[in-house]
Amino acid sequence: MAKTGTTTKGLRAAIERSGYYPALVAEAVEAAVGGEPVSSYLVHQETTFDSNEVRRHVTVLVLTGNRFIVSHTDEQAADATSPAPYATTSTESVKLDRISSVVVSRVVANPEKYVPGTLPREVVLTIGWGAVSRIDLEPAACGDPNCDADHGYTGSTTADDLSLRVSEAGDGPDAVRQTLAFAQALSEATAAADR
């Protein structure tokens, strides 16, 4: 379930509606936001199944006039390091001019019948700012099928700091709309920051 909006009060209400440790999540996010006005936000709760356990995760994205703030909170069952269940929450604050890419991937059914304005059935929002990069390497080769020389490696790097997926079937149409609205606000803010 995703929630989006444009006020600090609305952000707090969206975190509380998510029902996922709202006091913990709100305190961490509000500390990261500080006194800055909130331009846009997105609260996305995700439930995953890990063997016999159900795990919950909430991601809160906040856009201010100068920064993009991302918060993740995860719950953990009791284990060898902790006799009681616990939650981990983290926040990261990124200056808008550091954001190098905002990628919005849309999945639509029956593309030959697509009508502009139709809601995609799935959206993946990927945001890169250079904190995490993935390197994919493979052996390099030449065009000669009989060549057995070592040509080293070839590869590519991909910025992949944050990837968030929402679907109409799993999260509902409002979540898809809200993710698109936040992505547009972030894209516009990063474009303005580059001027």
Within the range 112-155, chymotrypsin sites (Phe, Trp or Tyr not before Pro) in DSSP loop having at most 16 other beta-carbon neighbours inside 10 Å: Tyr114
Cβ charges +1 (Lys, Arg) and -1 (Asp, Glu), total dipole of the range 27-138, debye: 460
With R₀ set to 41 angstrom, the calculated FRET efficiency between the beta-carbons of Ser93 and Thr154, to the nearest 0.05, is 0.70
Mind ranking 175-183, 13-21 by how tightly packed they are, going by the mean number of other C-beta atoms within 10 angstrom, highest first? 175-183, 13-21
Got a sec? Which residues in the range 166-193 would a label at Thr48 touch, if it sits 7 Å along Cα→Cβ and we count backbone N under 16 Å? 166-167
Assign unit charges at the C-beta atoms only (+1 for Lys and Arg, -1 for Asp and Glu), then state the dipole size of the chain relative to its Cα centre in Debye, rounded to the nearest 20. 980
Using a/c under 1.5 as the rounded threshold, could you call the range 1-143 rounded, prolate or oblate? The axes a ≥ b ≥ c are square roots of the C-alpha gyration tensor eigenvalues, and prolate needs a/b larger than b/c, oblate otherwise. rounded
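Tell me, what % of the accessible area of the range 1-131 is carbon and sulfur with a 1.4 angstrom probe?
52
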Return the FRET efficiency for the residue pair Lys113, Asp174: r is the Cβ-Cβ distance, R0 is 30 Å, and the value is rounded to the nearest 0.05. 0.80
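The values are calculated or read from the model by the stated rules, or taken from the named source; none is laboratory data. Please read these numbers as outputs of a predicted model, since none were measured by experiment. Reconstructed Cβ throughout: ideal geometry from the backbone, glycine too, with neighbour counts over all protein chains shown. With ligands, DNA and RNA removed, areas are computed over all heavy atoms of the protein, side chains included. Shrake-Rupley method; radii C 1.70, N 1.55, O 1.52, S 1.80 Å.
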